[in-house]
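Student: This is the structure, below, for whatever I ask next.
The values are calculated or read from the model by the stated rules, or taken from the named source; none is laboratory data. This one's a predicted model, so the numbers in the text were calculated from it and none came from an experiment. Methodologically, a virtual Cβ is constructed for each residue, glycine included, from the backbone with ideal geometry; neighbour enumeration extends over all protein chains shown. Heads up: the accessible areas ignore ligands, DNA and RNA and are worked out on the full protein's heavy atoms, side chains in. Shrake-Rupley method; radii C 1.70, N 1.55, O 1.52, S 1.80 Å.
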Amino acid sequence: MHTAARYIGRHMRSLTVIAVTVVAGLCASSVLTHAEASPAPRMVALGNSYISGQGADDYRPLPADTSSYETGTTGPDNYCFRSRHAAVELVARSLGAPLINVTCANAQPQHVDRTAQFDEGRQIDHLPADTDIVVMQVIGNPEFLNVVACVQLRECEPNTVRRSMRVLDEQQRHDERRIYRKIKARAPDARIYTLGAPQVVPRVGQEYRARCGWFMSDREVVLLNNFIDKVDEISRANAALFGETFVDLDRAGSPWRQRHDLCSADPWIWGPRLHAPQYGPDNLSLLNWSLGSYHPTKAGQRATAQVLGDVIRARE
């Protein structure tokens, strides 16, 4: 009796091992089949200079080194300044994702879906119907340029920034919503990730005078923070309205939280760069020569890529 029981027990254990092995093999086969059937997501990038990668270069030499930018985007007919070091380019490479990048420096919301910029047409015309991921950053201009010029060229009057914030509220908030609707109409299955702004300037109360005291005052620090907070507020609200994702660069765990603003000891944002022309060395306008300022450096783009990549992987 005991011998028969031991035999039956050994037999049942053998059957269990065989069954587990077969199930594991089937699961592995299923995973491989699913992986083989799931190509890398197709990505499209829309927006302005913060996402095109303007600033992810080396402007220390004269003339400026523009070798990091896509051929044909540094003038004289196209000044989109699309860099291979841009965060969206880094994320696409890390995901193995095909990328259509039509971002462009100095782009306004109208250039995404209404009017052509330079020789590129409307950005949205390059959005395929089968796009999986859209990364965009479309509000801020031209008001961002107005605020930067106000701070950089003189003691900025609060009313100047307040006017720009009203334009964001009354116009660009709705421009961004219009772009959301058009993206969804053209690529209905795409997931949209809207980038927020990094910490461009010191927070109120952080020391800044050692590096930025020659052009920035306490009042201007407050004004710039208010403006950037408004940009983020609008993009966050619009993403929520459409059930999409706002990528907060100040989220927990973000390298941007370690303070790398343009007045910090280790800046990832360029300060005023008067030898970094936006529109070529033959244009002597002080405003045009200063527009390369306030943009993320190569290190800043890497930090943004880390946050963006983490958010995309979590959702996808």
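Student: Of everything in the range 54-79, what is at pLDDT 85 or above and closer than 22 Å to residue 271 by Cβ? Give them in sequence order.
Tutor: Within the range 54-79, 54, 55, 56, 68, 69, 79 qualify.
Student: Next question. Can you tell me which residues in the range 65-74 are open to solvent by less than 30 Å² (accessible area, probe 1.4 Å) and in a loop (DSSP other than H, G, I, E, B)?
Tutor: 68, 73
Student: Please verify whether residue 211 is among the basic types (Lys, Arg) and either within 21 Å of residue 51 (Cα to Cα) or open to solvent by less than 40 Å² (accessible area, probe 1.4 Å) (or both), treating the condition exactly as stated.
Tutor: no
Student: Hey, among 6, 10, 82, 42, which residue is at pLDDT 90 or above and open to solvent by 50 Å² or more (accessible area, probe 1.4 Å)?
Tutor: From the options 6, 10, 82, 42, the qualifying one is 42.
Student: Still on this model: Which residue pairs have Cβ atoms under 9 Å apart, sit 6 or more places apart or on different chains, and have a first residue in the range 126-149 that is without any contact (Cβ under 8 Å) to a residue 24 or more places away in the chain and a second that is open to solvent by 30 Å² or more (accessible area, probe 1.4 Å) and of a type in the set (A, V, I, L, M)?
Tutor: Pairs that qualify, where the first residue is without any contact (Cβ under 8 Å) to a residue 24 or more places away in the chain and the partner is open to solvent by 30 Å² or more (accessible area, probe 1.4 Å) and of a type in the set (A, V, I, L, M), are 146/167.
Student: Just checking, does the range 127-135 include any residue being open to solvent by less than 30 Å² (accessible area, probe 1.4 Å) and assigned to a helix (DSSP H, G or I)?
Tutor: No, there is no match, as no residue in the range 127-135 is open to solvent by less than 30 Å² (accessible area, probe 1.4 Å) and assigned to a helix (DSSP H, G or I).
Student: For the subset of the range 85-114 comprising residues that are in a helix (DSSP H, G or I) and open to solvent by less than 10 Å² (accessible area, probe 1.4 Å), which member is farthest from residue 54 (Cα to Cα)?
Tutor: This residue is 113.
Student: Please verify whether residue 161 is under 13 Å from residue 231 (Cβ atoms), more than 18 Å from the chain's Cα centre (by Cα) and of a type outside the set (Ser, Thr, Tyr), treating the condition exactly as stated.
Tutor: When the stated conditions are applied, residue 161 passes them.
Student: Can you tell me how many residues in the range 174-194 are assigned to a helix (DSSP H, G or I) and open to solvent by less than 10 Å² (accessible area, probe 1.4 Å)?
Tutor: If we filter the range 174-194 for residues that are assigned to a helix (DSSP H, G or I), which is where we start, we get 174-186.
In the following step, the residues that additionally are open to solvent by less than 10 Å² (accessible area, probe 1.4 Å) were identified as 176, 179-180, 183.
The qualifying residues number 4.
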